[in-house]
Amino acid sequence: MSCQEEIVYGVAGTIGRRGETASANGKIVSFFAAIVLTLTLSSLTMSVSRLVNGHPPNSSRSWNVALNGHLETIKNSPVPNSYPWAALPTFPARPEANGEIRGKVIYEGTLPKYKPLDMVNEPTCAKHYTTPQLPENVVAGPDNGLKNVVVYIAAGIQEEPPRAQPVILKQWGCRYMPHVLALAANQEIWVQNEDSVAHTVHPMARINKEVNRSQPAGTPPFVIKYDKPEIIQVKCELHPWMRGVFVVLTNSHYSVSDESGSFSLPDLPPGKYTIKAWHEKFGEQSQVVNIGSGEMKELNFVFKVTP
């Protein structure tokens, strides 16, 4: 080999070795650049997550680079995957179930005795009955049950808007049916005459406006409405034995006891209530009761009467 050829081969070898060295150095630089980029992106991701979750960025947090390429916090590590889109959904609390108060109204003692009603002057009404009719201000049933007692929530519940459904007062056989009519303030009373004779409806209100209206046979119903709570005696000017009562209340949580004395106050939210029982002849009683969610509670009233 000539001197010139040796020089050429020497130069080529030197250039090749320098190329290999440069290639290796480039791979090393790329490796470290990848690590730096990973650290930067991870730090940026954590900062954004903390800002979204309401935490200020913490520049003093230090990280260790593990050999497997994962990042670990030294201390105070947040819960993994604590991102807003990964949060569990929240559901509204389950509403409390309504409860019920039920019971009986009874009497102790001897009930007063009443004479039968005299309908001799109105034979068209008298013919409706096969037995003598008694006044309805005291009506008893089996086992000393007391009928026509209004049991209602007097305290513990808010006033309510009036019911859209009206209550009906019928005049049949020269009697008001029902004898005791309970309703909420501003609820309509539809008065209808089912007899073949004329009647008057005279509710003797003192707090509300007094009404005295005639209703001939075959005429359409008319409407009465009261906006204030009140117990109102009702009479017919043409038939003096026709008597009734309107009990106007502040809410729709009431019940009128049946012949067995039974009553029920359903759909009551949990709470503390004052329950009153009112009777036309024997007056009023009250009790305080607490009712829980979905609870059914028994409550009884006893009226002590004398003849």
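Throughout, read-outs are computed from the coordinates displayed, never taken from laboratory work. Since the structure is predicted, the reported quantities are computational estimates derived from the model, not experimental observations. So basically every Cβ, Gly included, is an ideal-geometry build from the backbone, and we count neighbours across all protein chains shown.
Note on Lys272: aspartates and glutamates with a C-alpha under 20 Å away, same-chain residues under 8 apart excluded, are Glu96, Glu100, Glu159, Glu160, Glu284, Glu295, Glu298. In terms of surrounding Cβ atoms within a 10 Å radius of their Cβ, Thr124, Thr306 rank from fewest to most as Thr306, Thr124. When only the Cβ of Lys, Arg, Asp and Glu is charged (+1, +1, -1, -1), the dipole of the stretch 99-305 relative to its Cα centre reaches about 340 debye. Using +1 at the Cβ of each Lys and Arg and -1 at the Cβ of each Asp and Glu in the stretch 157-219, identify which of Pro161, Trp190, Gln171 lies farthest towards the dipole's positive end. Toward the positive end, the furthest listed residue is Gln171. Shown here for the stretch 185-225: trypsin sites (Lys or Arg not before Pro) in loop regions (DSSP other than H, G, I, E, B) with at most 16 other Cβ atoms within 10 Å, namely Arg206, Lys209. Taken over the C-alpha atoms, the stretch 99-305 has Rg and Dmax values of 17.9, 56 angstrom. Extension gain for Asn186 to Gln233 (0.36 nm times residue separation, less C-alpha to C-alpha distance): 15.1 nm. Sparsely packed loop sites in the stretch 93-178 (the GluC sites (Glu not before Pro) outside DSSP H, G, I, E and B with at most 14 other Cβ atoms within 10 Å) comprise Glu96, Glu159. When only the Cβ of Lys, Arg, Asp and Glu is charged (+1, +1, -1, -1), the dipole of the stretch 190-299 relative to its Cα centre reaches about 400 debye.
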